[in-house]
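The values are calculated or read from the model by the stated rules, or taken from the named source; none is laboratory data. Quantities reported herein were computed from a predicted structural model and do not represent experimental measurements. When we count neighbours, we look across all protein chains shown, and the Cβ atoms used for this are built from the backbone with ideal geometry, even at glycine. The area values use the complete protein model at the heavy-atom level, side chains included, leaving out ligands, DNA and RNA. Shrake-Rupley method; radii C 1.70, N 1.55, O 1.52, S 1.80 Å.
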Amino acid sequence: MTRSGGGRVLAVLGPTNTGKTHFALERMLGHASGMIGFPLRLLARENYERVVRAKGAAAVALITGEEKIVPSHPRYMICTTESMPLDRRVAFLAVDEIQLCADPDRGHVFTDRLLHARGEDETLFLGAETIRPLIRRLIPGIEFVSRPRFSRLSYTGPRKLTRLPPRSAVVAFSAAEVYAMAEFVRRSRGGAAVVLGALSPRTRNAQVGLYQAGEVDYIVATDAIGMGLNMDVDHVAFAALRKFDGRAPRDLDSAEIAQIAGRAGRHMNDGTFGTTGDCGAIAPEAVEAVEQHRFSPLKTLSWRNSDLRFTSADALLASLDRPPTIAGLMRARDADDQLALATLVKDEAVRARANHPERVRLLWDVCQIPDFRKVMAEAHTRLLGQIFHHLTGPGRRLPADWLANHVQRLDRTDGDLDTLVGRIANIRTWTYVSHRGDWVADPAHWQGVTRAIEDRLSDALHDRLTQRFVDRRTAVLVRRMRDAGQLVSAVAHSGEVVVEGQHIGRLSGFRFTPDAAEGVNAARAVLTAAGRALKSEIAGRVDRLAADDDTAFVLGEDGSVLWRGEAVGRLAPGAEVLKPQLELLPSDLLDPAWRDRVRRRLADWLAAAVAEGLRPLVRARSAPLAGAARGLVHQLAEALGSLPRRGSEPQLAALTDDDRRQLSRLGIRFGVESVFLPALLKPGAQRLRALLWAAHAGRPPAAPPGGRVAIAVDPAEPAAFYEAVGYRVLGTSAVRVDMLERFAAEARRLARESRAAGEEGFALSPSLTTLLGLSPDEAGGVLAALGFERRDHENGVRFHPARRTSPAGRRRPAERGSESPFAVLRRLGA
């Protein structure tokens, strides 16, 4: 492409639907070489494929910011306007939508091509009539070709959304408005395709394909529909006549209305346009302008100096700020790349690295990396600074691991529509970076990776849009449920339920969880279909559950009852802690008879599971014991296998020697601090004890300590929880009762030895701290809770037994017996 005159220059102007692009392609293919710049990547891709079909892939190159397909010797180059190679000499050159020279954001690029880009033999500028006066003034000797519209475009006035004719496009000016309109169309008319400017070309084409294939009769779009989309639209309905132009809300002018309304009517078919929703009528003068294709000419074009100085960052900024000297040109407002540059050069680290022309040019190239999302300017500028830092570092390239980290975290297809749109925008930035071969190692690899991710995200977004705004599933289900026949259904091993080829949800146990459905009607259709289709599956599951042995059931960590790994019930408070109730999880699929059958089987298993898991305790409860022994076992059962000795003194005092021997044979240990069953301190028994206690207390289950002999107390858990799983809360620690006995015995031994040696108390020895695995301070807290007094001495901290008749404030056994009511009764009986 030359940047000087030469050859014939033509401006082909006219409204939409005049065949200007087809005319330009035919002219280009009549030359030995050519180049066309399109305003959109999807337009470039569409016309690239058209030229490939005519001339073969080896003869055609595609060049956009995010995609480059360049054979070894291409004759024709299809580009986005920004990506047109400035140093390529071609016989023919064309720029589409040249009226975008007036665009405040991108216009300076189109103006630059208008002023400087030329084919050696022929140059074409395609666009609207509104730019004719300025082109005539700026390009002396240019020829004009007018292209009339093939069909008529007529105004039909306002219409309700429910009365729009089929093959209509509804136009709004924000994603929220588009979604709201599409939802209304889905509910009232069965579905709509959706087109937004933020969609990737792949998603946009897929949505248009949905409409073109006749799967839906309506399309809801932003003004992105006004350029680059060829569809069979008969009517365009404006849901609003105001838009936000990047700076402030404003009314659409008549030329913008015409650009969008011009989508209606293709080739020789007439089209209509109007308004809908809460939008009022279009002003009569605007209607006349659109129907007659007469619009006010453009007064100025956006311009930015392209003769840039790279001697320093300040010089570059100054050259960008240079005003135009030609009438009809207006300095463009600061574009994203210029704003990013102005921000980055304020960073001293960036300024220090941009210390010679080559570095300044590199900084400018980095600033031109697009922010496709256009809502996170600060974050994008920060990313540009990181890229520049790496490119000016020792490797002069982006580190592969750093690049991989940024790219791979975008390779996710979960999330809502806005999340997917954001990921697509971000991955398009990295696709652009990957096409800078001097910035990354193995650019072909990264181009493939980013393109694959964009394709996956685009497909996921298309699926989400279709699922939300085109209710295929509901339509199929409702249609089949009108018939009296049985629905064809299947349940996968994973639980996924498919009815009439439509995924409707997941069956877990006896609970059906429907897939997300938009609207009450859709949700009702899914649930009704599930109820009809799953009857035989539920009947079979009830039979299998009733016949399964106990190994098919387990208790979950949350107190749920699992059958074959799926929750079917849960523990609930019962009359006794060892006899919890069994509640079935809610399910509309179980009729009363099935529900009773399932409940009986689960209750039988639960009773057996408790009896097996706490066998020593259950055995002790069923043993033939005398009154005091029976009372002690009852207390142990209520405490799930361990209890403080202090609370059981009356029963202990009343035990006979035969009682003690019988209880010992049952596995019950009598400690100084506790009475407990050692067998129930194992992790499995502790887990069951925790679940039973939580069910009885009506609390969420907490995880037991799991084999540790001492742990820090969680303030969120009551002391009763620790007692229930075999631990005693002492200070800030909870100590397992069997290890507490050893710890207390060792403390008493040290106290006796110190007393015998005439020493004042005893020091905290390693033999004490290692028993529990506690720090000295934590072990000291346990001693204090046991009744030992901490005193500071010259030779360190020492502990003294409290002045009382027995440890932990208890009276001596000889005294206890005289006061025990059980002892009194035994004596009176004798």
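A few comments on the model shown:
- Residue count for segment 287-304, restricted to those that are surrounded by fewer than 18 Cβ atoms within 10 Å (Cβ to Cβ) and more than 15 Å from I131 (Cβ to Cβ): 3
- Screening segment 46-76 for residues that are open to solvent by less than 10 Å² (accessible area, probe 1.4 Å) and in a strand (DSSP E or B) and picking the one that is nearest to P201 (Cα to Cα) gives L62.
- Those residues of segment 305-331 which are open to solvent by 60 Å² or more (accessible area, probe 1.4 Å), closer than 25 Å to F372 by Cα, in contact (Cβ under 8 Å) with a residue 24 or more places away in the chain and assigned to a loop (DSSP other than H, G, I, E, B), in sequence order: S306
- Flag: V95 matches the condition of being surrounded by 24 or more Cβ atoms within 10 Å (Cβ to Cβ), touching a Lys or Arg at 6+ places or on another chain (Cβ under 6 Å) and modelled with pLDDT of 95 or more.
- For segment 690-735, a tally of residues being surrounded by 17 or more Cβ atoms within 10 Å (Cβ to Cβ) and assigned to a helix (DSSP H, G or I) returns 11.
- Strands (runs of 3 or more DSSP E) enclosed by segment 498-591 - at least 1 residues per element that are under 30 Å from G698 (Cα atoms) and basic (K, R): 502-508, 511-514, 566-576, 579-584
- With respect to the stated conditions, D558 fails to be more than 38 Å from the chain's Cα centre (by Cα) and acidic (D, E).
- Checklist (1) among the hydrophobic types (A, V, I, L, M, F, W, C); (2) open to solvent by less than 40 Å² (accessible area, probe 1.4 Å); (3) without any contact (Cβ under 8 Å) to a residue 24 or more places away in the chain; (4) over 22 Å from A176 (Cα atoms) applied to V208, failing item: (4)
- Test result for L663, part of a loop (DSSP other than H, G, I, E, B), in contact (Cβ under 8 Å) with a residue 40 or more places away in the chain, in contact with a strand residue (DSSP E or B) (Cβ under 9 Å, 6 or more places away or on another chain) and of a type in the set (A, V, I, L, M, F, W, C): no
- Unique residue being without any contact (Cβ under 8 Å) to a residue 12 or more places away in the chain and over 16 Å from Q635 (Cβ atoms) when the list is A679, A719, A685: A719
- Residue within segment 617-634 that is within 22 Å of H696 (Cα to Cα), open to solvent by less than 20 Å² (accessible area, probe 1.4 Å) and outside any helix (DSSP H, G or I) present: no
- Residues within segment 385-416 that are assigned to a loop (DSSP other than H, G, I, E, B) and either open to solvent by 60 Å² or more (accessible area, probe 1.4 Å) or touching a helix residue (DSSP H, G or I) at 6+ places or on another chain (Cβ under 7 Å) (or both), tallied: 13
- Residue check for L43: open to solvent by less than 30 Å² (accessible area, probe 1.4 Å), touching a residue at least 60 places away in the same chain (Cβ under 8 Å) and in a helix (DSSP H, G or I): yes
Per-residue answers, yes or no, for (1) open to solvent by less than 10 Å² (accessible area, probe 1.4 Å); (2) within 18 Å of D337 (Cβ to Cβ); (3) in a strand (DSSP E or B):
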site: C79; (1), (2), (3): yes, no, yes
site: E82; (1), (2), (3): no, yes, no
site: D105; (1), (2), (3): no, yes, no
site: F110; (1), (2), (3): yes, yes, no
site: F125; (1), (2), (3): yes, no, yes
site: I135; (1), (2), (3): yes, no, no
